[in-house]
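To start, the structure itself, in structure tokens.
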Amino acid sequence: MVEIDGIRVGLTICYDVRFPELFRALAAAGAEVLLVPAAFTQTTGEAHWHTLLRARAIENHAFVVAPATVHSPTTDYTDAFATYGHALVVGPWGDILADLGESAEGVQVVELDLGEVERARTKLPVLSGRRDPRVYAGEPDVIRIPIEQKEPAR
């Protein structure tokens, strides 16, 4: 995490978006903005990119800013793999504030109202309702319930 002019920013990369516990730890430590620079593949991007970023924003009531690479539109450059693009900015309530799609180049300035983070965290206080982190560290108990096999009716 880095603090910029009093704003705590959580630093991650694209694969990290699959690990919600990292984002929760950053939010619990005060992150209001979560950065997720990415080179998500075309296939997994189409299936998961928007959903996972919105989930991380919603469950942590934080802004998610996700700059993303896009595969080259020219034949004179060969990419290692096709990337999805769709640089996104997602608000603390899960609303998509910017989506740059698959254009080869793009810039969009989005002003983040950090008051939205506080309002979302007050409206639905999931971070303050969290139990001691050690509660979540253990393995769940498994309760086994045997089911008797009955003879089929004749």
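Worth pointing out:
- Residue ID - modelled with the highest pLDDT, chosen from residues in segment 2-27 that are loosely packed, with under 14 Cβ neighbours inside 10 Å and within 21 Å of Asp132 (Cα to Cα): Phe19
- Flag if Thr41 is among the hydroxyl-bearing types (Ser, Thr, Tyr) and either in contact with a strand residue (DSSP E or B) (Cβ under 6 Å, 6 or more places away or on another chain) or buried (at least 18 other Cβ atoms within 10 Å of the Cβ) (or both): no
- Filtered residues of segment 125-134 (kept if exposed (fewer than 10 other Cβ atoms within 10 Å of the Cβ) and either in contact (Cβ under 8 Å) with a residue 24 or more places away in the chain or over 18 Å from Glu59 (Cα atoms) (or both)): Arg134
- Of the criteria (1) at pLDDT 75 or above; (2) more than 21 Å from Ile13 (Cβ to Cβ); (3) out of contact with any Asp or Glu (no Cβ under 6 Å at 6 or more places or on another chain); (4) surrounded by 10 or more Cβ atoms within 10 Å (Cβ to Cβ), which one Glu105 fails: (4)
The values are calculated or read from the model by the stated rules, or taken from the named source; none is laboratory data. The structure displayed is predicted, hence computed values, not measured ones. Backbone-built Cβ (ideal geometry, glycine too); neighbour counts: all protein chains shown.
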